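Peer 1: Let me begin by handing over the structure; questions about it come next.
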Amino acid sequence: MMRSHYCGQVTESLLDQEVEVCGWVHRRRDHGGVIFVDLRDHTGLLQVVFDPDNPEMFAQAERIRNEFVLKIKGRVRRRPEGTVNDNLPTGQVEVFALELEVLNAAATPPFQIDDEDINEDNRLRYRYIDLRRPQMQERLRLRAKVSHFLRNFLEHNEFLDLETPMLTRATPEGARDYLVPSRVHPGEFFALPQSPQLFKQLLMMSGMDRYYQIVRCFRDEDLRADRQPEFTQLDIEMSFIDEEDIMGLMEQMMVGLFKETMGVDLPASFERMPYAEAMERFGSDKPDLRIDLELISITDLMKDVEFKVFSGPANDPKGRIAALRVPQGASISRKEIDDYTKFVSRYGAKGLAYIKCNEVAAGREGLQSPILKFLPDEVVSAIIERTGAQDGDIVFFGADKAKVVNDALGALRVKLGEDLGLIQAGWRFLWVVDFPMFEYDDKEGRYHALHHPFTAPLVDSPAALKDDAENALSRAYDLVLNGTELGGGSIRIHTPEMQQAALDALGIDEQEAEEKFGFLLSALKYGCPPHGGIAFGLDRMVMLLSGASSIRDVMAFPKTQSASCLLTEAPSAVSEAQLRELSIRLRKPVTE
């Protein structure tokens, strides 16, 4: 071994002993004849002192700069009085250098390791330097600790770690596939998996009973803070179980994970809420329960008002009018309201009505709003009563199609929670259950599976599903943590008859079904057990645990928002010879 100790291990317990340490120069300071170097490795910082009494070594120390890689042999001594650093585990001691070896010189880095404000493009372009930063080291080590715990927990519960193919065929997961051309099958393509969904169901049909995999998944979709073109998923499937079995075991797993990695004690079981209730109260199927604000439906109060902005949606079967009361929010300025109006417009809202409650007991005279003149007294009184508005509150309104209202006010609820400091500390888990089986696409004039076509319905028979597909609920469940969907799953369809009924409701004919997933339909005919599972986004999980704002900060080598890698400059063009091998011809640009 080149070293006897890591930097962070050199403490008072090693006083007067000789040690050998290696690492990077975090900072070099010349204090009038004595040179100090803060040496850094993944365990922390260690102060090293170079004395001019050793002229050759001192001259060498004068030439070292930040990020040089050093090996140092020295004696541990106590720091002089007044120079102790209580913020470091090594802050009581320093190493008096006896030998110095420069293992590698370094060019001036593009940014300082301890700089808190680094352009993200630079961080990704020089990721190997960015990863030296202590916060990045901590996040990736936490990620490894999380993966280790999850593997141990699942293996202790008799799950098998089984791999599924990376090169497969396109399946209907909801996003675009990344395609891989086949050289040996000209003109044909593999697809990179969006998830192992079909394969893990086949493993249950194969009698594997309990499967898990920490697996790479690929989706060619528009990106945001918690999305990447390639991401890591904890995939789980079990046979001969129901929803309670899966949710109960996953609660045990999360309780153990938080205790092991964060030292946090979670409740033994988590809250549960039907999808319809979540949308009604919070406008979201992944509500952040730490924010004590709720949407209140007032659709029925607006059916007969003359104000068309309200009466129109109130009399539309797909419309909704909801109020969002913000306690002591009347101090929100007009400019801030204008900013919130622009914010909700991103979600399709055409405006943001409001009422400021200055003195509720004074009736209309104690209220302030541009919409009051359009509403009769009895409606205004009913709104105040139903929302529970009090002096100093503000009530915001959304009126439109239910989806627009839910999306806009649901997002505004979170925005207000952040801006007004209303987000409570802690961890709030929630199971969202009883999702709709299908959602209707007005543009295509057909239903789509809300989760995927293999999710089992709550009804017992194919005939019941066919009779009322529009209102059918599914046996799906999502685990939400602090407003982020941590994972989701379902009980799967396990009979050919029910699967055919689901496909019929989706308008997928026999030919399309055979082309997309004929192998699964064939397997259903040969004795499929009842089964179900769940998948967790490992990147999102670590992001929440570490307090990072983006999953890019918990991945070693992520892509940018435009799905490119600045480090390797991927994607990139390939040679014409490679394309010819793959039977691919690029269309020549049209010239006038």
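The values are calculated or read from the model by the stated rules, or taken from the named source; none is laboratory data. It should be emphasised that the depicted structure is a prediction, and the values quoted were computed from it without experimental measurement. A quick note on method: Cβ atoms are made from the backbone with ideal geometry, for glycine too, and the neighbour counts reach across all protein chains shown.
Peer 1: Show the residue pairs that are 6+ apart or on different chains and have beta-carbon atoms under 6 Å apart, the first residue being within the range 475-492 and closer than 19 Å to residue 465 by Cβ and among the polar types (S, T, N, Q), the second being outside any strand (DSSP E or B) and at pLDDT 95 or above.
Peer 2: From the range 475-492, the pairs are 490/475.
Peer 1: So residue 50 ticks every box in (1) under 14 Å from residue 94 (Cβ atoms); (2) surrounded by fewer than 15 Cβ atoms within 10 Å (Cβ to Cβ); (3) out of contact with any Asp or Glu (no Cβ under 7 Å at 6 or more places or on another chain) but one. Which box is left unticked?
Peer 2: (2)
Peer 1: Can you pull out the strands (runs of 3 or more DSSP E) entirely within the range 1-85 that have at least 3 residues that are of a type in the set (Val, Ile, Thr)?
Peer 2: Values: elements: 18-30, 35-41, 44-50, 69-78.
Those strands (runs of 3 or more DSSP E) span 18-30, 69-78.
Peer 1: For residue 330, state whether it is touching a Gly at 6+ places or on another chain (Cβ under 6 Å) and of a type outside the set (D, E, K, R).
Peer 2: In short, yes.
Peer 1: So which residues in the range 346-362 are assigned to a strand (DSSP E or B) and within 15 Å of residue 399 (Cα to Cα), if there are any at all?
Peer 2: 353, 354, 355
Peer 1: Any idea which of 404, 344, 395 is of a type in the set (A, V, I, L, M, F, W, C) and closer than 18 Å to residue 288 by Cβ?
Peer 2: 344
Peer 1: Going through 395, 404 one at a time, which residue ends up being in a helix (DSSP H, G or I) and surrounded by 13 or more Cβ atoms within 10 Å (Cβ to Cβ)?
Peer 2: Details: 395 fails: in a helix (DSSP H, G or I).
Selected residue: 404, the only one of 395, 404 that is in a helix (DSSP H, G or I) and surrounded by 13 or more Cβ atoms within 10 Å (Cβ to Cβ).
Peer 1: Checking residue 539 against (1) out of contact with any Pro (no Cβ under 7 Å at 6 or more places or on another chain); (2) assigned to a loop (DSSP other than H, G, I, E, B), only one condition comes out false. Which one?
Peer 2: (2)
Peer 1: Could we say that residue 325 is under 28 Å from residue 435 (Cα atoms), surrounded by fewer than 20 Cβ atoms within 10 Å (Cβ to Cβ) and of a type in the set (Lys, Arg) here?
Peer 2: Considered against the rule, which asks whether it is under 28 Å from residue 435 (Cα atoms), surrounded by fewer than 20 Cβ atoms within 10 Å (Cβ to Cβ) and of a type in the set (Lys, Arg), residue 325 comes out as no.
Peer 1: Look through the range 454-474, keep the residues that are touching a Leu at 6+ places or on another chain (Cβ under 6 Å) and part of a loop (DSSP other than H, G, I, E, B), and return whichever of them is surrounded by the fewest Cβ atoms within 10 Å (Cβ to Cβ).
Peer 2: 458
Peer 1: I'm checking my understanding of the structure. Among residues of the range 61-85 that are of a type in the set (Asp, Glu) and either surrounded by 16 or more Cβ atoms within 10 Å (Cβ to Cβ) or in contact (Cβ under 8 Å) with a residue 24 or more places away in the chain (or both), which one is nearest to residue 6 (Cα to Cα)?
Peer 2: 67
Peer 1: Okay, next question. Within the range 281-312, can you find the residues that are of a type in the set (Asp, Glu) and surrounded by fewer than 18 Cβ atoms within 10 Å (Cβ to Cβ)?
Peer 2: The answer is 292, 294, 300, 304, 306.
To keep it simple, each residue is scored yes or no on (1) outside any loop (DSSP other than H, G, I, E, B); (2) closer than 27 Å to residue 480 by Cβ; (3) modelled with pLDDT under 90.
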position	(1), (2), (3)
543	yes, yes, no
557	no, no, no
560	no, no, no
567	no, no, no
577	yes, no, no
585	no, no, yes
592	no, no, yes
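Peer 1: Grab the helices (runs of 4 or more DSSP H) fully contained in the range 221-336, keeping just those with 3 or more residues being within 23 Å of the chain's Cα centre (by Cα) and under 27 Å from residue 142 (Cβ atoms).
Peer 2: Because the criterion is at least 3 residues that are within 23 Å of the chain's Cα centre (by Cα) and under 27 Å from residue 142 (Cβ atoms), the helices (runs of 4 or more DSSP H) in the range 221-336 that meet it are 243-262.
Here is a yes/no grid of residues against (1) outside the structural domain of residue 483 (by TED's automatic domain parsing); (2) part of a strand (DSSP E or B); (3) touching a residue at least 40 places away in the same chain (Cβ under 8 Å); (4) closer than 27 Å to residue 274 by Cβ:
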position	(1), (2), (3), (4)
370	yes, no, no, no
383	yes, no, yes, yes
411	yes, no, yes, yes
416	yes, no, yes, yes
443	no, no, no, no
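Peer 1: Scanning the range 198-216 for residues that are touching a residue at least 60 places away in the same chain (Cβ under 8 Å), in a helix (DSSP H, G or I) and out of contact with any Pro (no Cβ under 8 Å at 6 or more places or on another chain), which turns out farthest from residue 536 (Cα to Cα)?
Peer 2: Among those that are touching a residue at least 60 places away in the same chain (Cβ under 8 Å), in a helix (DSSP H, G or I) and out of contact with any Pro (no Cβ under 8 Å at 6 or more places or on another chain), it is 202.
Peer 1: State yes or no: is residue 332 over 18 Å from residue 282 (Cβ atoms), of a type in the set (A, V, I, L, M), without any contact (Cβ under 8 Å) to a residue 24 or more places away in the chain and surrounded by 13 or more Cβ atoms within 10 Å (Cβ to Cβ)?
Peer 2: no
Peer 1: Sticking with this structure for a sec: Looking at the range 373-385 only, could you name the residues that are surrounded by fewer than 16 Cβ atoms within 10 Å (Cβ to Cβ) and not acidic (Asp, Glu)?
Peer 2: Residues satisfying the conditions are 373, 376, 381.
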